[in-house]
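Notes follow the structure.
The values are calculated or read from the model by the stated rules, or taken from the named source; none is laboratory data. Just so it is clear, the structure is predicted and the values come from calculations on it, not from any experiment. Don't worry about glycine lacking a Cβ; one is built from the backbone with ideal geometry, like all the others, and counts go over all protein chains shown. Just so you know, the surface numbers come from the protein's heavy atoms only, side chains and all, with ligands and any DNA or RNA stripped out. Shrake-Rupley method; radii C 1.70, N 1.55, O 1.52, S 1.80 Å.
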Amino acid sequence: MKKLLFILLACLPLFLPAREKKDNSDPKYLAGAVTLTDGKVTFTQELKTPSMSKSEVYKQMLKWANNRFKPEDKLQSRVVYTNEDDGEIAALAEEYMVFSSTALSLDRTRIYYQLFIYVEEGSCKMEMTRIRYWYDENRDGGERYTAEEWITDDMALNKKKTKLAPICGKFRRETIDLKDNLFKSAAEALGVYVLNTQASASVQPATSLPTAGKLKEVSLEQLPDNLAEVAASGKMTLSANGEEISMKASDWGGFGKLFNKNVAYMLVEQNLIAANAMMEHNDTYKISFYTAGSNEPSIVIECSKSMVQKMSAEDLKSLNKAVDASKSYTMYIGEVTRILMK
């Protein structure tokens, strides 16, 4: 039996999943990725929300925060302060960051931080700060560190600032990834299309779509028939007034005729606050289709809003079989004013 056990243990590493190799020279984690405000490590993000009212943004962010920060087992995350009049929300976070995990070992740290949310007209500012770690807590009480003494450039990078340091570096890398995922999650809750979540300090409004120099004006008949497939394999966005929102492939409806004019229609879930607010507050908009892996649209359909209609489950079934008829939708119909295609 002992011999058999020895053989099994000797062979076990052959069957364990290989650890993911981390790129310790990725610029995302190097000089300048960790910023200090008043001597404290602080990450900030600004989300532009010009099509949503302050009240709409606040309610959506509070809903997101209450769902994201709540007690779980021994971890006591929670929202600790709200003030709708001033547009302020504060949360205390306590969670785990996992560095590596195998069948035989688990390398992780407990991380504590505070998240402040400041909602204003047209924007939502977020601040992640007061970051602390409790590492290896099950071994003689573990070790406790603050972000200021552990993940700054001087501590977590080599002397040339070209690579992450062996120990502090993993704390820095996972903290930056946590920050990016946190801000991205909040942006998605608002329906804001985040163009860059890596080491940027803020999310700016979507830039203008490529000019007609890159896209040629075409007729409706020249468009491919499989726009829904293009959206499903790549992505589709809705944009107006300098803001761009990522949409689902199933939101695309199709083309038709209204008063002898070419129209395009979309079916938008009523709980997508940002998309519906954009359509409500703008008379013109663009529907853009991106092929897989492309950062520029291959097709842009420019529209002038013509009609808005709430849709019943029976209405939906006849229009788009891919739509979930258990949800509530609004149909937006727009006259097609111009079509651009590569």
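Among VAL41, VAL57, which is modelled with pLDDT of 85 or more, buried (at least 21 other Cβ atoms within 10 Å of the Cβ) and farther than 18 Å from ASP180 by Cα? Just a single option satisfies the conditions, and that option is VAL57. In segment 85-93, the count of residues that are at pLDDT 90 or above and within 27 Å of ILE167 (Cβ to Cβ) is one or more.
Could we say that ILE299 is at pLDDT 85 or above and hydrophobic (A, V, I, L, M, F, W, C) here? When the stated conditions are applied, ILE299 passes them.
Considering only residues that are under 17 Å from MET341 (Cα atoms) and open to solvent by less than 50 Å² (accessible area, probe 1.4 Å), which ones fall in segment 229-251? Before you say what the answer is, go through the steps one by one.
The initial filter retains those residues of segment 229-251 that are under 17 Å from MET341 (Cα atoms), namely 229-231, 234-239.
Passing the criteria: VAL230, ALA231, GLY234, LYS235, MET236, THR237, LEU238, SER239.
Pick out the one residue from LYS170, LYS216 that is exposed (fewer than 14 other Cβ atoms within 10 Å of the Cβ) and either among the charged types (D, E, K, R) or at pLDDT 85 or above (or both). Quick ask: steps written out before the conclusion?
On the way: LYS170 fails: exposed (fewer than 14 other Cβ atoms within 10 Å of the Cβ).
Exactly one of LYS170, LYS216 is exposed (fewer than 14 other Cβ atoms within 10 Å of the Cβ) and either among the charged types (D, E, K, R) or at pLDDT 85 or above (or both), namely LYS216.
Annotation note: Cβ proximity below 6 Å between a residue of segment 155-174 that is within 13 Å of TYR145 (Cβ to Cβ) and a residue that is part of a helix (DSSP H, G or I) and open to solvent by 30 Å² or more (accessible area, probe 1.4 Å) (sequence gap 6+ or interchain) occurs for CYS168/TRP150; CYS168/MET155; PHE171/TRP150. When LYS179, LYS163, LYS184, LYS159 are checked against the criterion of being among the basic types (Lys, Arg), open to solvent by 20 Å² or more (accessible area, probe 1.4 Å) and at pLDDT 90 or above, LYS163 stands alone in meeting it.
In this structure, is VAL268 of a type in the set (A, V, I, L, M, F, W, C), open to solvent by less than 30 Å² (accessible area, probe 1.4 Å) and part of a helix (DSSP H, G or I)? Break it down stepwise before answering.
Numbers: of a type in the set (A, V, I, L, M, F, W, C): yes; open to solvent by less than 30 Å² (accessible area, probe 1.4 Å): yes; part of a helix (DSSP H, G or I): no.
Judged against the criteria, VAL268 is not a match.
Within segment 147-154, one or more residues are under 30 Å from TRP64 (Cβ atoms), of a type outside the set (D, E, K, R) and out of contact with any helix residue (DSSP H, G or I) (no Cβ under 6 Å at 6 or more places or on another chain). Residues that are more than 16 Å from GLN309 (Cβ to Cβ) and open to solvent by 10 Å² or more (accessible area, probe 1.4 Å) within segment 273-284 comprise ILE273, HIS281, ASN282, ASP283, THR284, listed in sequence order.
Among the residues of segment 60-78, write down those that are assigned to a strand (DSSP E or B), in contact with a strand residue (DSSP E or B) (Cβ under 7 Å, 6 or more places away or on another chain) and either among the charged types (D, E, K, R) or surrounded by fewer than 12 Cβ atoms within 10 Å (Cβ to Cβ) (or both). Show your work before the answer.
In the first step, residues of segment 60-78 are kept if they are assigned to a strand (DSSP E or B); the result is 72, 75, 78.
Pick out the ones that are also in contact with a strand residue (DSSP E or B) (Cβ under 7 Å, 6 or more places away or on another chain) and you get 75, 78.
ARG78 - this is the single residue of segment 60-78 that is assigned to a strand (DSSP E or B), in contact with a strand residue (DSSP E or B) (Cβ under 7 Å, 6 or more places away or on another chain) and either among the charged types (D, E, K, R) or surrounded by fewer than 12 Cβ atoms within 10 Å (Cβ to Cβ) (or both).
Being part of a loop (DSSP other than H, G, I, E, B) and surrounded by 13 or more Cβ atoms within 10 Å (Cβ to Cβ) is a property that PRO224 lacks.
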